[in-house]
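A short write-up of the structure that comes next.
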Amino acid sequence: MESSDDIESRLSRLGSRGLIDTTQFVRIIIQSLYSLGFNRAASSLESESGVRLDSAQHDRLLFDVMSGRWESCVSTINSIPGIDSSSLINASYLIWKEHFFELIGSGCFLPAIEVLWKQISPLGVDSCRVHRLAQYLVCYEAMGQTGSMGSTVQRRISLFLDLVEVLPPYIRVPSGRLEKLVETAVLKQRSSCQYHNLPKDITLFEDHKCWPEQIPSTCSQVLLEHKNEVWFVQFSHNGRYLASSSSDCTAIIWTVEDDDMVVYKHCLMGHEKPISFLSWSPDDTMLITCGNGETSKLWDVKTSTLLATFSDPKRRIISSCAWFPSSDKVLCASSEPDNRIFTCDLAGNVLDAWEGERIPKISDLAISSDGRLVIGICSEKTIWLCEFPQGKEKVIREERSITSLSLSRDGQFFIVNLNSEEIHLRKLDVNIGDGVDAVFKGHRQGKYVIRSCFGGSGCSFVASGSEDSKIYIWRRKCESPIKVLMGHSMIVNSVTWNPARPHMLASASDDHTVRIWMAGCNPQPSKKLGESLIS
């Protein structure tokens, strides 16, 4: 049989694990009711439960502050159970400082000096604070002013609110505490949900749960316009276009329709060698294509007009390009016979250049979303980070060869593919260590360049092609893939996740096709220049 103490202890706790203090829970509900404007309901709950919103120390401190009973204020602060020394000192400083200012305002300069040296100085606060108060006293006394310190009532109300901020939260329930607790629980459930991808309303009536169908996994289209291996594919920043490049020496721009159908728009011809890389301007009006071992070309997306050709004056091979956030200039890396990094305008004119023995040979290049950090892959096993144009540098060395690089949309993280069948994720920051934040495994990569990407809602996922003709998708916190997509018949070289439509993914393969993958949809036929195709 339970004793009265056991019953009282059980009733003072809520929840199946007894983690929730009943009194605290009721106080938080009362505070929420008052904040929502349900004052009568809040008052009724206080009366019926016998639980007050504000603690006894809160009411006593409010009375003492408004009455100017400074010794009693400090005594009340000292009586608060569990208050730490830092909070005690800060609260005492605020109280005695207000008393100090009120004495000055009434012309009581000698008592103000006594408060400064006997009450404030012994607290051990920053000496600069004490010196500023002393200087204020001297200046105020020299001017012979009194009574201009502002409304006493307003000053004391302000003091009380400042005290509440430095005191333990049980003295007065923090504003919006219930909402914050619920929001934290919801965010925690969502972040731990393995498949959370598509935006949807979150209900409080049940625990959050998503299904595997939220991840793009159904092939809705097969695009067959390329005549040879497709090496690279990338959605525009606004998600309205898709670009693909191929060893057939062409790049194709596709339009993403409102119904998610991907439709042929332009074929960009002019390269003499296979196109191994392409990059959208931040405003999505232009596209750069990089030929494998030749020049790079700038195209107008709307008209498919060739706007400029980027070439090195010394006929070095341009290996990679990256846009600055302003969309008005480009950073290029070239090599053979020697290494060079240079910026050029949209007409192809070189603006600045860096060359010499210190400049590494760059095989892949990117710029952070704020334009302040350049990241490059060099010397096969080395990652080079540099604050642009001249700042800190950091070199990260991998044990195996790096084949590609990809940044998250917010510019906070980057991933690199290694030929050891691993993808490494790191934070994009020159001021922290070079440790790996996450490792993704399961795909196949040994001989060829495989490109991966961030994607999904909040860039919560990583996707990669693979030499086994499959596409692998990981949750950023999981080492093992949560989805494996099958459909291609040869190596999948590149994948891209639509940044505006998290339910859409595209992949490029050596089987000459680009496949469009959708979340929770039925396959739809693809269109090829006037003829119907079966996906």
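The values are calculated or read from the model by the stated rules, or taken from the named source; none is laboratory data. Everything numeric in this text was worked out from a predicted model, so none of it was measured. Here the Cβ is made from the backbone with ideal geometry for all residues, glycine too, and neighbour counts use every protein chain on show. Note: accessible area is taken over every heavy atom of the protein model, side chains too, but ligands, DNA and RNA are not part of it. Shrake-Rupley method; radii C 1.70, N 1.55, O 1.52, S 1.80 Å.
Considering only Cα atoms, the convex hull volume of segment 18-140 works out to 156 Å³ per residue. Taking 4 °C and 1.567 mPa s as conditions, segment 164-240 diffuses translationally at an estimated 74 µm²/s according to Stokes-Einstein applied to its Kirkwood radius (Cα pairs). Let me make sure I get this right: for segment 264-356, a, b and c are the square roots of the gyration tensor eigenvalues over alpha carbons, sorted descending. Under 1.5 in a/c it's rounded, otherwise prolate if a/b > b/c, else oblate. Which is it? Verdict is oblate for segment 264-356. Given their separation in residues at 0.36 nm each and the Cα-Cα distance between them, VAL350 and SER72 gain 92.7 nm when the chain is fully extended. Between 0 and 90 degrees, the angle of helix 22-35 with respect to the longest Cα principal axis of the chain falls at about 80 degrees.
Under the simplified labelling scheme, the SER151-SER16 pair shows an inter-label distance of 5.3 nm, with each label point 7 Å from Cα along Cα→Cβ. For the chain, the C-alpha radius of gyration divided by 2.2 N^0.38 Å, with N the number of residues, is 1.36. Within a straight-line Cα-Cα reach of under 13 Å, LYS394 can be paired with the following aspartates and glutamates, leaving aside sequence neighbours fewer than 8 residues apart in one chain: ASP429, ASP434. In the chain, the portion of solvent-accessible area held by carbon and sulfur atoms comes to 50 percent [1.4 Å probe, whole percent, DNA, RNA and ligands not counted]. All C-alpha to C-alpha distances of segment 159-292, sorted into 5 Å bins beginning at zero, yield P(r) values of 2, 8, 13, 12, 10, 9, 9, 8, 7, 6, 5, 4, 3, 3, 1, 0 percent in whole numbers.
By the helix-only formula, in which each DSSP H run with n ≥ 4 contributes -39500 (n - 2.57) and the sum is divided by residues, the chain has a 222 nm mean residue ellipticity of -7500 deg cm²/dmol.
Partner aspartates and glutamates whose Cα lies under 18 Å from the Cα of LYS329, excluding those fewer than 8 positions away in the same chain, are identified as ASP283, ASP284, ASP300, ASP312, ASP345, ASP352, ASP364, ASP370, GLU387.
Comparing Cα centroids, segment 325-378 and segment 407-450 end up 21 angstrom apart. When the P(r) is computed for segment 403-495, the part past 16 Å accounts for 50% of the Cα-Cα pairs. Residue order by solvent-accessible surface for MET66, MET269, MET490 is MET269, MET490, MET66, largest first, with ligands and nucleic acids left out and a 1.4 Å probe. Shown is the FRET efficiency for ARG52 and ASP284, computed with R0 = 60 Å from the Cβ-Cβ distance and rounded to the nearest 0.05: 0.55. In terms of distances greater than 28 angstrom between alpha carbons, the cross-link table entries LYS265/LYS427; LYS265/LYS447; LYS209/LYS483; LYS209/LYS441; LYS227/LYS265; LYS273/LYS381 yield LYS265/LYS427; LYS265/LYS447.
Here the simple spin-label model places points 7 Å from the Cα toward Cβ, and for GLU380 and LYS427 these points are separated by 3.2 nm. Pairs of Cα atoms nearer than 8 Å and 6+ residues apart set the relative contact order; for the chain it is 11 percent.
Once the Cβ-Cβ distance of LEU36 and ASP162 is raised to the sixth power relative to R0 = 22 Å, the FRET efficiency obtained is 0.30.
Once you have the Kirkwood Rh of segment 462-504 from its Cα pairs, apply Stokes-Einstein at 10 °C and 1.306 mPa s and quote D in µm²/s. Result for D is 145 µm²/s. The figure for LYS297 is an accessible area of roughly 20 square angstrom, using a 1.4 Å probe on the protein chains alone.
Using 1/(1 + (r/R0)^6) with R0 = 45 angstrom and r between the beta carbons of LYS209 and LYS447, what's the FRET efficiency to the nearest 0.05? About 0.65, to the nearest 0.05. Note the angle between two axes, namely the Cα long axis of helix 85-105 and the longest principal axis of the Cα atoms of the chain, as a number of degrees from 0 to 90, rounded to the nearest 10. So the inclination is approximately 60 degrees. Rounded to whole Å, the principal axis extents of the Cα atoms in segment 334-486 read 45, 33, 31, largest first.
Within straight cross-link reach of LYS118, meaning Cα distance under 28 Å, which lysines are found once same-chain residues fewer than 8 apart are removed? Result set, ordered by chain and number: LYS97. Rounded to the nearest whole Hz, the Karplus-based 3J(HN,Hα) values (6.51 cos²θ - 1.76 cosθ + 1.60, θ = phi - 60°) of segment 208-219 follow the sequence 6, 7, 10, 10, x, 5, 6, 8, x, 8, 9, 6, with x at glycine and proline.
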